[in-house]
Amino acid sequence: MPDLNTGTTNPIFEPNLLYSMLSRKKFLKHSAIATASLSLLEFIQPVSAAALAKHLERVAPMSPEEAAKDEDFWNWIRGQYTVSTEIIDLNNGGVSPQPKPVQDAHIRYYQMCNEGPSYYMWRVLDQGREPLREKLAKLAGCLPEEIAINRNTTEGLNTIIFGLNLKAGDEVVLTKYDYPNMTNAWKQREKRDGIKLNWVDLEMPAESDELILKQFEKAITPKTKIVHITHMMNWTGQILPARKIADMAHKKGCEVIVDGSHSFVHIDYKLTDLDCDYYATSLHKWLCAPFGTGFMFIKKEKIDRVWALLSAPVPDAGNIGKFESLGTRSFAAEMAIGNAIDFHYLIGSKRKEERLRFLKNYWCQKIAKNPKIKFYTSLKSEFSCAIATFNIEGWDANDLSGELFDKWKIHTTTAIHEGVNGVRVTPHVYTNLQDLDRLVGCIEQLIAQGPPVKKKE
């Protein structure tokens with residue numbers, strides 16, 4: 001089977017694994033994988049591919065909400081991951097594992113590079129960058145010439161933050177719950193260039209678009225040039241009404257930056273739905289692409305207004321390629337992004353969103369009525385999806401997260417920031433209900449046990 005990222009034929013893996021059991025027409029109908037995405041099939045074993053065909057045939061007529069509860073389908077998805085049996089990983093908001101077909105593609109590209117690095121990296125794999133850019137643009141809902149492929153959200157947003165032509169006295173609106181790497185970048189510009197930061201303070205959870213919108217609007221002055229929006233907060237999974245804020249900001253003459261690190265292919269949307277001017281995301285979170293992959297978006301007509309962060313022949317050019325002058329990079333990781341996109345399409349964007357929300361609701365609703373439980377995350381669908389942050393009355397978040405791991409090997413992370421002091425739980429598509437039942441059981445035991453007694457100094 002030709003590899004459509006590189007134009008080469010894979011000599012290692014047996015081609016046409018799925019076609020021997022299912023016609024191409026039928027597979028495309030039920031999986032919604034476009035012709036340009038078929039390279040993923042090289043990495044799915046025949047037995048598993050046959051099961052996939054049956055699952056897709058069954059869930060295709062279902063609504064996304066119905067398919068979210070089809071455990072047979074999601075057990076097949078889980079089987080494509082190589083997750084540990086020694087821990088329960090519920091910190092997928094930090095970084096997510098790749099399914100095995102993506103790992104295999106990455107390894108294959110990596111091995112190819114090592115056969116002749118300068119030849120296979122720059123003369124073979126690098127030829128796949130433009131097809132990959134088109135594939136990413138289709139997934140994101142923008143023009144290919146508006147996307148720069150990079151390593152993560154921090155790199156993308158820092159490129160924008162440090163590249164914008166702002167002068168002393170210009171103002172930027174942002175919130176106290178934006179990601180630290182971004183707020184630190186803005187603070188550096190404040191310290192170095194004399195811009196002014198106007199901070200929006202939100203209560204967690206926030207359950208009113210109108211109230212959120214008013215808080216942003218109140219922070220905007222005639223000197224405001226930029227409004228920075230975190231689409232989904234890393235601390236609590238709070239979803240902000242990004243389009244409403246963007247529309248309001250644009251009417252006041254401001255440009256809009258959106259941090260899509262946690263929202264991209266976590267919830268189903270296109271960049272056109274946000275109408276932002278600048279955007280960046282990491283692909284090693286919800287897309288399950290190789291670690292250290294991401295992209296940055298800038299509206300075509302604004303590219304020449306942003307200086308390249310690293311050296312470029314024409315740093316103020318109107319070409320998105322000026323942001324990809326990174327020197328030697330991981331071509332293998334970048335090319336395997338295409339396989340991760342294929343796997344995402346196989347699941348389906350809306351089907352994935354509803355499964356992630358179902359998993360969050362599944363465990364949260366089992367403990368929500370306990371008076372000792374505090375949620376920093378709204379359980380309303382429009383304000384959250386997979387991520388939820390909670391605490392137990394009397395507990396320190398670090399102690400609680402530590403107990404969950406030390407006693408039961410449930411891996412979470414803490415969210416301790418501003419008014420939030422909780423444990424963040426983030427399942428992914430491979431998470432099963434048994435894992436979440438175990439989490440609930442452990443939380444109930446800790447409620448009954450009570451917080452640890454602190455020794456007096």
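The values are calculated or read from the model by the stated rules, or taken from the named source; none is laboratory data. On a predicted model such as this, the values are computed, not experimentally measured, just so you know. FYI the Cβ positions are ideal-geometry reconstructions off the backbone, even for glycines, and counts take in every protein chain you see.
Residue by residue, here is whether (1) in the same structural domain as Gly294 (by TED's automatic domain parsing); (2) of a type in the set (Gly, Ala, Ser); (3) closer than 30 Å to Asp209 by Cα holds:
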{"residue": "Glu324", "(1), (2), (3)": "yes, no, no"}
{"residue": "Glu334", "(1), (2), (3)": "yes, no, no"}
{"residue": "Trp363", "(1), (2), (3)": "no, no, yes"}
{"residue": "Pro371", "(1), (2), (3)": "no, no, yes"}
{"residue": "Cys385", "(1), (2), (3)": "no, no, yes"}
{"residue": "Asp406", "(1), (2), (3)": "no, no, no"}
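So which of Lys285, Lys322, Lys300, Lys366 is of a type in the set (D, E, K, R), under 30 Å from Leu52 (Cβ atoms) and modelled with pLDDT of 95 or more? So that I can check it myself, show each step before the final result.
Numbers: Lys322 fails: under 30 Å from Leu52 (Cβ atoms); Lys300 fails: under 30 Å from Leu52 (Cβ atoms); Lys366 fails: under 30 Å from Leu52 (Cβ atoms).
None of the others qualify; the one that does is Lys285.
So the check is Cβ under 7 Å with 6+ separation or different chains; which pairs have a first residue in the stretch 239-266 that's at positive phi and assigned by TED's automatic domain parsing to the domain that holds Ile229 and a second one that's among the hydroxyl-bearing types (Ser, Thr, Tyr) and in a helix (DSSP H, G or I)?
From residues that are at positive phi and assigned by TED's automatic domain parsing to the domain that holds Ile229, the pairs are Val265/Ser349.
Here is a yes/no grid of residues against (1) at pLDDT below 95; (2) buried (at least 17 other Cβ atoms within 10 Å of the Cβ):
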residue	(1), (2)
Phe390	no, yes
Ala397	no, yes
Phe405	no, no
Ile410	no, yes
Ala415	no, yes
Thr431	no, yes
Leu439	no, yes
Glu444	no, no
Pro451	yes, no
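Being touching a residue at least 60 places away in the same chain (Cβ under 8 Å) and buried (at least 18 other Cβ atoms within 10 Å of the Cβ) is the filter here, so list the residues in the stretch 127-146 that pass it.
Hits for the stretch 127-146 are Gly128, Leu132, Lys135, Leu136, Leu139, Ala140, Cys142, Glu146.
Is it the case that Ala289 is of a type outside the set (Ser, Thr, Tyr), part of a strand (DSSP E or B) and touching a residue at least 60 places away in the same chain (Cβ under 8 Å)?
no
Here is a check on your reading of the model: is Thr431 part of a strand (DSSP E or B) and either among the polar types (S, T, N, Q) or in contact with a Leu (Cβ under 6 Å, 6 or more places away or on another chain) (or both)? Please lay out each step first, then the result.
On the way: part of a strand (DSSP E or B): no; either among the polar types (S, T, N, Q) or in contact with a Leu (Cβ under 6 Å, 6 or more places away or on another chain) (or both): yes.
Spelling it out, it is not the case that Thr431 is part of a strand (DSSP E or B) and either among the polar types (S, T, N, Q) or in contact with a Leu (Cβ under 6 Å, 6 or more places away or on another chain) (or both).
Before we move on, is Ser96 without any contact (Cβ under 8 Å) to a residue 12 or more places away in the chain, among the hydroxyl-bearing types (Ser, Thr, Tyr) and either touching a Cys at 6+ places or on another chain (Cβ under 8 Å) or more than 30 Å from Ser401 (Cα to Cα) (or both)?
no
Looking at Asp70, Asp89, which one is under 21 Å from the mean Cα position of the chain (by Cα), farther than 29 Å from Phe297 by Cα and not hydrophobic (A, V, I, L, M, F, W, C)?
After applying the criteria, what remains is Asp89.
Does Gly338 meet the test of being part of a loop (DSSP other than H, G, I, E, B) and either in contact (Cβ under 8 Å) with a residue 12 or more places away in the chain or among the aromatic types (Phe, Trp, Tyr) (or both)?
no
Taking the stretch 302-327 as the search range and keeping residues that are over 26 Å from the mean Cα position of the chain (by Cα) and not in a loop (DSSP other than H, G, I, E, B), which one is surrounded by the most Cβ atoms within 10 Å (Cβ to Cβ)?
So the residue we want is Arg305.
Yes/no matrix, rows are residues, columns are (1) β-branched (Val, Ile, Thr); (2) free of Cβ contacts under 8 Å to residues at least 24 places away in the same chain; (3) part of a loop (DSSP other than H, G, I, E, B); (4) surrounded by fewer than 21 Cβ atoms within 10 Å (Cβ to Cβ):
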position: Ala148; (1), (2), (3), (4): no, no, no, no
position: Leu157; (1), (2), (3), (4): no, no, no, no
position: Ile161; (1), (2), (3), (4): yes, no, no, no
position: Gly169; (1), (2), (3), (4): no, no, yes, yes
position: Leu174; (1), (2), (3), (4): no, no, no, no
position: Asn181; (1), (2), (3), (4): no, no, no, yes
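Please pick out the residue among Ile220, Ile212, Ile195, Ile226 that is over 24 Å from Thr414 (Cα atoms), assigned by TED's automatic domain parsing to the domain that holds Cys254, of a type outside the set (Phe, Trp, Tyr) and in contact (Cβ under 8 Å) with a residue 60 or more places away in the chain.
Residue meeting the stated conditions: Ile226.
Going through the stretch 363-385 one residue at a time, which ones are surrounded by fewer than 18 Cβ atoms within 10 Å (Cβ to Cβ) and outside any loop (DSSP other than H, G, I, E, B)?
Listed by number, the residues that qualify are Gln365, Lys366, Ile367, Ile373, Lys374, Ser381, Glu382.
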